[in-house]
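The values are calculated or read from the model by the stated rules, or taken from the named source; none is laboratory data. On a predicted model such as this, the values are computed, not experimentally measured, just so you know. All accessible areas refer to the heavy atoms of the entire protein, side chains included, with ligands and DNA or RNA removed. Shrake-Rupley method; radii C 1.70, N 1.55, O 1.52, S 1.80 Å.
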Amino acid sequence: MSVVVRAGQINAEIKKDVDKVVDMLKAEDLPKKAVFCRCWKSKKFPYCDGAHAKHNTETGDNVGPLIVEKAA
């Protein structure tokens, strides 16, 4: 199956076989700190792998991850 990405789409390759990408994690299942992707470029999606740095350099964008920490 080849994936067609239309102009304006952000997600070029993650879970393209579903209508809507949805990931759910229960708060109690998270480690003390979790870093989530917001650029759609991470090879570890939904977790961040730092791919936004290259994206930002190439596009002039300023996107970064969502960082969630459990309360002490």
Using 21 Å as the Cα-Cα cut-off, could you pick out the over-long pairs in Lys20/Lys44; Lys15/Lys44; Lys33/Lys54; Lys32/Lys54; Lys26/Lys70?
Lys33/Lys54; Lys32/Lys54
Accessible area per residue for the chain in Å², computed with a 1.4 Å probe and the full protein assembly in place, what is it?
81 Å²
Expected unfolding gain across Glu58-Lys15 under the 0.36 nm per residue rule, minus the alpha-carbon gap, is 13.1 nm
Determine the share of the chain's accessible area contributed by carbon and sulfur atoms, expressed in whole percent, with a 1.4 angstrom probe.
53 percent
HN-Hα J couplings of segment 23-35 from phi, Karplus 6.51/-1.76/1.60, θ = phi - 60°, integer Hz, Gly and Pro as x?
10, 10, 10, 7, 3, 5, 8, 6, x, 4, 9, 10, 10
If amide hydrogens are placed 1.01 Å from N in the peptide plane, which non-local residues have theirs closer than 5 Å to the one on Tyr47?
Cys37
For segment 1-71, restrict the atom set to alpha-carbon positions and state the Rg and Dmax in Å.
13.7, 43
Say we join alpha carbon atoms closer than 10 Å with springs in a Gaussian network model of the chain; which of Lys16, Lys43, Lys32 then has the biggest fluctuation?
Lys32
